[in-house]
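The values are calculated or read from the model by the stated rules, or taken from the named source; none is laboratory data. Please read all numbers here as calculations on a predicted model, not as lab measurements. Neighbour counts are summed over all protein chains in view; Cβ atoms, including those assigned to glycine, are modelled from backbone coordinates with ideal geometry. Only protein heavy atoms, including side chains, enter the accessible area calculation; ligands, DNA and RNA are left aside. Shrake-Rupley method; radii C 1.70, N 1.55, O 1.52, S 1.80 Å.
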Amino acid sequence: MNKTTILLILVTVLFSCKKDINSGFDTVDKQTLESVKNTEKNKKSNSNIDKSIYTKYVYTNSKDKSLIVQNSLPKGGIKYTDPKGNEYIYAVFWTRIINETDDSIELKINFPIDSYEIPTLPGKYYKTLIPSDTMTIQKIPLFNYGLTNLETFFDKNIDKPSLLKRTIKPKESTAFYVVTFRLIGGDQYGVLRTELSLKGQNLFYKIRDKEILCGSIEIK
């Protein structure tokens with residue numbers, strides 16, 4: 001096999017691994033994501049937004065325009081008792097999506113009522129809710145990232161699915177909250193980490209090592 005043929009094969013393989021034809025965005029490989037994650041976790045910054053970010057995903061389309069997904073570290077770790085007497089511990093997170101492309105993007109997220117068992121924590125189940133409040137970067141320093149009246153919201157929604165639908169215009173961004181719950185009992189397992197990521201047009205939410213298909217994006 002000559003050098004030209006080998007080069008063509010390599011180019012074809014690299015292109016097929018990087019290009020996402022369904023959404024128009026290039027996917028970010030795991031190594032890049034882990035590198036970004038470590039950078040975000042370890043870098044020293046005086047910025048509140050930088051300090052609160054756990055992961056940052058960047059997806060680039062064929063026009064070199066990006067869709068950026070930022071996922072926060074948790075706040076909370078507070079107990080909540082539902083109307084049935086079940087005791088939970090909850091944490092508040094936020095995700096921010098920045099649309100640097102020239103097109104509007106429709107964001108749809110749907111968390112069902114189901115609880116999710118975490119593979120590395122057998123017998124431990126998590127639930128998720130999306131409060132209707134809009135997160136802003138000005139709220140980052142606040143307790144629970146500025147969320148208030150949570151018990152009233154939990155009482156009304158703990159056994160309901162959570163839905164979110166927003167349109168993100170070009171050069172604009174949106175941020176939203178996600179609250180995770182775990183039934184209290186047994187050992188505690190350290191600080192929880194979560195993140196939203198994009199695969200094709202599908203959105204996935206990861207709680208520890210449990211990945212949940214939770215929605216989609218559509219380029220309008």
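Restricting Ile78, Ile21, Ile68 to residues that are open to solvent by 30 Å² or more (accessible area, probe 1.4 Å), of a type in the set (A, V, I, L, M) and modelled with pLDDT of 50 or more narrows the list to Ile78. When the stretch 98-113 is examined, which residues are found to be touching a Ser or Thr at 6+ places or on another chain (Cβ under 7 Å) and either open to solvent by 10 Å² or more (accessible area, probe 1.4 Å) or at positive phi (or both)? Across the stretch 98-113, the qualifying residues are Ile98, Glu100, Ser104, Glu106, Lys108.
Output the strands (runs of 3 or more DSSP E) that fall wholly within the stretch 53-116 and possess 2 or more residues being hydrophobic (A, V, I, L, M, F, W, C), or say none. Steps first, answer last, please.
Values: elements: 53-61, 66-72, 75-81, 87-99, 105-111.
Those strands (runs of 3 or more DSSP E) span 53-61, 66-72, 87-99, 105-111.
For the stretch 211-220, how many residues are surrounded by 15 or more Cβ atoms within 10 Å (Cβ to Cβ) and at pLDDT below 90? Let's see the steps before the verdict.
Here is the first cut: in the stretch 211-220, the residues surrounded by 15 or more Cβ atoms within 10 Å (Cβ to Cβ) are 211-212, 214-217, 219.
Now narrow it down to the ones that are at pLDDT below 90: 219.
Here the count works out to 1.
Within the stretch 198-208, identify whether any single residue is part of a loop (DSSP other than H, G, I, E, B), under 18 Å from Tyr80 (Cα atoms) and open to solvent by less than 20 Å² (accessible area, probe 1.4 Å), and answer yes or no. Scanning the stretch 198-208, I find no residue that is part of a loop (DSSP other than H, G, I, E, B), under 18 Å from Tyr80 (Cα atoms) and open to solvent by less than 20 Å² (accessible area, probe 1.4 Å), so the answer is no. Counting just the residues of the stretch 158-189 that are modelled with pLDDT of 90 or more and among the β-branched types (Val, Ile, Thr), which one comes out surrounded by the fewest Cβ atoms within 10 Å (Cβ to Cβ)? Among residues in the stretch 158-189 that are modelled with pLDDT of 90 or more and among the β-branched types (Val, Ile, Thr), the one surrounded by the fewest Cβ atoms within 10 Å (Cβ to Cβ) is Thr167.
Number of residues in the stretch 114-146 that are over 17 Å from the mean Cα position of the chain (by Cα) and surrounded by fewer than 16 Cβ atoms within 10 Å (Cβ to Cβ): the value is 12.
Restricting attention to the stretch 117-165, report how many residues are assigned to a strand (DSSP E or B), closer than 15 Å to Phe93 by Cβ and of a type in the set (Ser, Thr, Tyr).
Residues in the stretch 117-165 being assigned to a strand (DSSP E or B), closer than 15 Å to Phe93 by Cβ and of a type in the set (Ser, Thr, Tyr): 4 in total.
Among the residues of the stretch 147-157, those identified as in contact (Cβ under 8 Å) with a residue 60 or more places away in the chain and open to solvent by 60 Å² or more (accessible area, probe 1.4 Å) are Glu151, Asp155.
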